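Below is one structure, written out as structure tokens; comments come after it.
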Amino acid sequence: MGKNNQPLNRRSFAKLLGGALIAQSAGRTFGLPLPSGAIQFENVAPACGLDFVLRNDASGRKYQVETVLGGLGVIDFDHDGWPDLYCVNGASLPNLQKSDPRFWNRLYRNNRDGTFTDVTQKACVQGRGYEMGVAVGDFNNDGFDDLYVVGVHGNTLYRNNGDGTFTDVTQAAGVSGLDAKGRKLWSVAAAWIDYDNDGHLDLIVSNYCDWAAGSDPICGGLAGATRTYCHPDMYRAEPVLLFHNNGNGTFREVSAEAGLAKVLGKGMGIAIASEGDGCSDIFIANDNDRNLLIRSLGGGKLKEVGIQAGVAYNGDGRQISGMGADFGDFDGDGLPDIVMTGLRGETFELFRNRGDGTFEDASASSGLLALSRGWNGWGCGFADFDNDGQLDLFLANGGLDANEPQANKVLKNEGGKFMDVSSDAGADFSVSRLHRGMAFADFNNDGRIDVAVSSINEPIELWMNRSPAQHWLQLSLEGTRSNRSALGAKVVCKSASRTQVARVANSVGYASSSDLRVHFGLGAENKVSLEIHWPSGTIQKIDHVSADQLLKLEEPVQTPVPANTPK
């Protein structure tokens, strides 16, 4: 976990850094001039037609499910090139039913003019229970992205019909979320991944704990005023589920035969990184349980290696309340690093990829340890908000209970060191709520990454990026031999001043799915070369690519070379 490479305990190091970091933030708060590349956001949700409210139906009983919902999904469901938004919602308690339209999940169509329209009923995606998260991907390779919605004791697969509607195909597909014993599990997050590299997207699902409304323990005191949410230690861990795509519209649960039979956890956010060779790392943040890192071995086999890789525990060897997670190359060395959020006092974790299959703790050296000490983090993710070629960090924060609202945070990346620039991010950015899920997309196609954030019992936020303009490039990839969503592809972007590496992956943060498009900030550069490593093994090279465009690329079809033909 990197402690052997650090002369000081990470918490001691944080104390040494803390004064300087606080002084930096305080100086900025009191009106020092903004740098030219200042990150700026504006919440446009109230005026653009996004009226979703995440409802948990809490009434003082302190049901465990009330605290952990709120996933969001970016999906271009009508295939018009403009990101739409799907919002996952709760239900009534204790019956876990969407007994009123206020509990419906919501699908908002991007009108391409800065506004959105609620098309939930027409699309038939209202949901059917107390739901948590969503995964977006084209499971049947028909060119239209589908939705997999997970929740408490029931998951739903919505097939996109390509005409603005969806069909619930859960039962026919076999992905309702049953374990090997036929039990429906409490699922928090899911991700599409072609783990066996056969060109069809499979599903991996993180399950939380064995909870039922009728047997939920009462914690704290018997009186309502003293009652609290129970610690996760009160519940048994649950297995990870892996559903293999049979290529005919059906799936088969294969976690045991893939090598995950004994893998248990209290799974929350899922993050995935690939080297573009068909093999991927799957990181699952666990709530007060060791984190999981599931690695592809090839041949459809997987292995859990979290302890060996150094990501099972934080830099002090402790487990934390892991919530959200993301992979991203924060230090620019071409390797995917891991960030994860926790609760107040635990601090968030940043694992730097060593390049040999292991990770080291970089929370203190990056500044994240000192900055995150007082936050309750849920959604999180890397994105280049100011288009300077370095991945910044967005954090959706909020406590467990109604009396612990917190503001979101945005951390600017300065050469692998993070600086809290939230106080300068906009007049309304400091709003405190029980923030939960978040998803990235360039919703207005202006080359700047925006952020949607859900909040318990509060209206959704859509933070449009108003940062000063710099050059950028976005890629929309479509697989032919590979899965059509191109999940698992790796893109190398080279300009005159730097090389950036990104992966096609949309399972970002907490129970959410971000845009499938790949984004590069280019600063002052206006020309780049690209090298795309498709999951099929195809390598595509393109030179002299101009900046400031969304480039749509299809995986090239390679003609097989006959065995007797000289190479």
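Select from the stretch 142-154 the residues that are within 16 Å of residue 88 (Cβ to Cβ), of a type outside the set (Gly, Ala, Ser) and not in a strand (DSSP E or B) and write down the one among them that is nearest to the chain's Cα centre (by Cα).
Here the answer is 145.
Scan the stretch 176-199 for residues that are free of Cβ contacts under 8 Å to residues at least 60 places away in the same chain and within 17 Å of residue 250 (Cα to Cα) and report the count.
Within the stretch 176-199, the first condition is being free of Cβ contacts under 8 Å to residues at least 60 places away in the same chain, and the residues that meet it are 176, 181-185, 187, 198.
Keeping just the survivors that are within 17 Å of residue 250 (Cα to Cα) gives 176, 198.
So the answer is 2.
Working only within the stretch 207-243, note down all residues that are within 18 Å of residue 170 (Cβ to Cβ) and either open to solvent by 30 Å² or more (accessible area, probe 1.4 Å) or in contact with a Ser or Thr (Cβ under 7 Å, 6 or more places away or on another chain) (or both). Can you show your working first?
If we filter the stretch 207-243 for residues that are within 18 Å of residue 170 (Cβ to Cβ), which is where we start, we get 207, 241-243.
Of everything in the stretch 207-243, those that are within 18 Å of residue 170 (Cβ to Cβ) and either open to solvent by 30 Å² or more (accessible area, probe 1.4 Å) or in contact with a Ser or Thr (Cβ under 7 Å, 6 or more places away or on another chain) (or both) turn out to be 207, 241, 242.
If you check every pair at least six apart or on different chains, which have Cβ atoms under 8 Å apart with a residue in the stretch 200-225 that is assigned to a loop (DSSP other than H, G, I, E, B) first and a residue that is among the hydrophobic types (A, V, I, L, M, F, W, C) and open to solvent by 40 Å² or more (accessible area, probe 1.4 Å) second?
217/234
For the stretch 131-141, enumerate the residues that are within 20 Å of residue 89 (Cα to Cα) and touching an Asp or Glu at 6+ places or on another chain (Cβ under 6 Å).
Passing the criteria: only 136.
Just a yes or no: is a residue in the stretch 294-315 open to solvent by 40 Å² or more (accessible area, probe 1.4 Å) and touching a helix residue (DSSP H, G or I) at 6+ places or on another chain (Cβ under 6 Å)?
Yes, some residue in the stretch 294-315 is open to solvent by 40 Å² or more (accessible area, probe 1.4 Å) and touching a helix residue (DSSP H, G or I) at 6+ places or on another chain (Cβ under 6 Å).
Return the only residue of 273, 285 being among the hydrophobic types (A, V, I, L, M, F, W, C), free of Cβ contacts under 8 Å to residues at least 60 places away in the same chain and crowded, with 18+ Cβ neighbours inside 10 Å.
285
Among 320, 338, which is open to solvent by 10 Å² or more (accessible area, probe 1.4 Å) and of a type in the set (Val, Ile, Thr)? Walk me through it before giving the result.
Details: 338 fails: open to solvent by 10 Å² or more (accessible area, probe 1.4 Å).
The unique qualifying residue is 320.
Looking only at residues that are among the acidic types (Asp, Glu) and touching a Leu at 6+ places or on another chain (Cβ under 7 Å) in the stretch 417-445, which one is modelled with the highest pLDDT?
Filtering first and then ranking leaves 420.
Going by the structure shown, is residue 430 open to solvent by 50 Å² or more (accessible area, probe 1.4 Å), free of Cβ contacts under 8 Å to residues at least 40 places away in the same chain and in contact with a strand residue (DSSP E or B) (Cβ under 7 Å, 6 or more places away or on another chain)?
It is true that residue 430 is open to solvent by 50 Å² or more (accessible area, probe 1.4 Å), free of Cβ contacts under 8 Å to residues at least 40 places away in the same chain and in contact with a strand residue (DSSP E or B) (Cβ under 7 Å, 6 or more places away or on another chain).
So residue 108 passes all but one of these: (1) open to solvent by less than 50 Å² (accessible area, probe 1.4 Å); (2) closer than 30 Å to residue 266 by Cα. Which condition number does it fail?
(2)
For the stretch 297-320, give me each residue that is in contact with a strand residue (DSSP E or B) (Cβ under 7 Å, 6 or more places away or on another chain) and modelled with pLDDT of 90 or more.
Of everything in the stretch 297-320, those that are in contact with a strand residue (DSSP E or B) (Cβ under 7 Å, 6 or more places away or on another chain) and modelled with pLDDT of 90 or more turn out to be 302, 303, 304, 305, 306, 309, 310, 311.
Residues are listed down the side, and each one gets a yes or a no for (1) within 22 Å of residue 121 (Cβ to Cβ); (2) open to solvent by less than 10 Å² (accessible area, probe 1.4 Å); (3) under 24 Å from the mean Cα position of the chain (by Cα); (4) of a type in the set (Val, Ile, Thr):
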| position | (1), (2), (3), (4) |
| --- | --- |
| 51 | yes, no, yes, no |
| 57 | yes, no, no, no |
| 94 | no, no, no, no |
| 104 | yes, no, yes, no |
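Restricting to the stretch 308-362, name every residue that is under 28 Å from residue 521 (Cα atoms), under 17 Å from the mean Cα position of the chain (by Cα) and part of a loop (DSSP other than H, G, I, E, B).
Answer for the stretch 308-362, where residues must be under 28 Å from residue 521 (Cα atoms), under 17 Å from the mean Cα position of the chain (by Cα) and part of a loop (DSSP other than H, G, I, E, B): 323, 324, 329, 330, 336, 341, 348.
When residue 345 is evaluated against the numbered criteria (1) of a type outside the set (S, T, N, Q); (2) at pLDDT 95 or above; (3) within 16 Å of residue 322 (Cβ to Cβ), which criterion, by number, is the only one it fails?
(2)
Can you tell me which residue within the stretch 372-410, out of those that are touching a helix residue (DSSP H, G or I) at 6+ places or on another chain (Cβ under 6 Å) and of a type outside the set (Lys, Arg), is most open to solvent (accessible area, probe 1.4 Å)?
400
Of a type in the set (A, V, I, L, M, F, W, C), open to solvent by 30 Å² or more (accessible area, probe 1.4 Å) and over 19 Å from the mean Cα position of the chain (by Cα), is that true of residue 180? Please lay out each step first, then the result.
Details: of a type in the set (A, V, I, L, M, F, W, C): yes; open to solvent by 30 Å² or more (accessible area, probe 1.4 Å): yes; over 19 Å from the mean Cα position of the chain (by Cα): yes.
Judged against the criteria, residue 180 is a match.
Given (1) modelled with pLDDT of 95 or more; (2) out of contact with any Gly (no Cβ under 6 Å at 6 or more places or on another chain); (3) of a type outside the set (A, V, I, L, M, F, W, C), where does residue 404 come up short, assuming only one miss?
It fails just one condition, (1).
Could you say which residue among 157, 107 is farther than 27 Å from residue 246 by Cα and part of a strand (DSSP E or B)?
Exactly one of 157, 107 is farther than 27 Å from residue 246 by Cα and part of a strand (DSSP E or B), namely 107.
Residue 157: on the phi < 0 side of the Ramachandran plot and either out of contact with any strand residue (DSSP E or B) (no Cβ under 9 Å at 6 or more places or on another chain) or in contact (Cβ under 8 Å) with a residue 24 or more places away in the chain (or both), yes or no?
For residue 157, the condition - on the phi < 0 side of the Ramachandran plot and either out of contact with any strand residue (DSSP E or B) (no Cβ under 9 Å at 6 or more places or on another chain) or in contact (Cβ under 8 Å) with a residue 24 or more places away in the chain (or both) - is not met.
The values are calculated or read from the model by the stated rules, or taken from the named source; none is laboratory data. As the structure is a computational prediction, the values presented were derived from the model and not from experiment. No Cβ is skipped: glycine too gets one built from the backbone with ideal geometry, and neighbour counts run over all protein chains shown. Remember, those area values only see protein heavy atoms, side chains included, never the ligands or the DNA or RNA. Shrake-Rupley method; radii C 1.70, N 1.55, O 1.52, S 1.80 Å.
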